[in-house]
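Colleague: Below is a structure I'd like to ask you about.
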Amino acid sequence: MLMPFRKVATSDGPLKFNEQWEIKELVSNRQDITAVTPLTADLSAEFREGDVVDVHGKLTVGVDMLCSRCLKPINEHFHIDFHEQFKQGKQPEGLHEDDDTLYVDGDSVDLKGYAEEAFLLDLPFIPLCSDTCKGLCPKCGHELNEGDCGCDNEVIDPRLAGLKDFFK
């Protein structure tokens, strides 16, 4: 998905980009992700003052994950807002750190890498089926969302184990 700077600059209105591609290899190292649909990018690029190209739009993707507490399957559809600013040329020295403009040496920029980065940053670090998920019992493996299993899960510090029968 190449965005040529010259074409955006000479365009009468925003230049539209609509593309879809497979991203399975991006999440192949994540054990909690079982499947992913192709990433769809619906973006538009506009030439702004200061020779800056403003690219904005939506990214959509479906992800099948496992809850990190109870291992239930989760099907999520992500609608990610995408916004980047590009400028052709070298980054000037002494530039403020607050400047979000990305400087590109070539005549065009491939937007796929930036869209994939936005997708990866939007993925949950710890996917949960619900905020109140109780997970699995560490002793018997029973799902605690369905009810208590009756196991004694009281953790006693081994250094103080001798004192547990002191008051009996």
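The values are calculated or read from the model by the stated rules, or taken from the named source; none is laboratory data. Not measured: the values here are computed from a predicted model. When we count neighbours, we look across all protein chains shown, and the Cβ atoms used for this are built from the backbone with ideal geometry, even at glycine. In case anyone asks, the SASA skips ligands and DNA or RNA and just uses the protein heavy atoms, side chains included. Shrake-Rupley method; radii C 1.70, N 1.55, O 1.52, S 1.80 Å.
Colleague: How about LYS72: which lysines have a C-alpha closer than 22 Å to its C-alpha, ignoring those fewer than 8 places off in the same chain?
Modeller: LYS24, LYS134, LYS139
Colleague: Give the aspartates and glutamates whose C-alpha is closer than 19 Å to that of LYS112, dropping any in the same chain fewer than 8 places away, or say none.
Modeller: Leaving aside aspartates and glutamates fewer than 8 places away in the same chain, those within reach of LYS112 are GLU19, GLU22, GLU25, ASP42, GLU46, ASP54, ASP81, GLU84, ASP100, ASP122.
Colleague: How many percent of the accessible area of the range 25-97 is carbon or sulfur, using a 1.4 Å probe?
Modeller: Heavy-atom surface of the range 25-97 belonging to carbon and sulfur, 1.4 Å probe: 46 percent.
Colleague: Can you give the accessible area of VAL155, probe radius 1.4 Å, in Å² rounded to 10?
Modeller: For VAL155, the solvent-accessible surface is approximately 130 Å².
Colleague: What's the magnitude of the charge dipole for the chain around its Cα centre, counting Lys and Arg as +1 and Asp and Glu as -1 at the beta-carbon? Answer in Debye, nearest 20.
Modeller: That gives the chain a dipole magnitude of about 680 debye.
Colleague: Also, quick follow-up: Rounded to the nearest whole Å², what accessible area per residue is found for the chain with the 1.4 Å probe? Show your work: numbers first, answer last.
Modeller: Working: 11450 Å² over 168 residues.
Averaged over the residues of the chain, the accessible area is 68 Å².
Colleague: Continuing with this model, one more query. For the chain, just say rounded, prolate or oblate: build the C-alpha gyration tensor, square-root its eigenvalues into a ≥ b ≥ c, call rounded for a/c under 1.5, and beyond that prolate if a/b exceeds b/c, oblate if not.
Modeller: prolate
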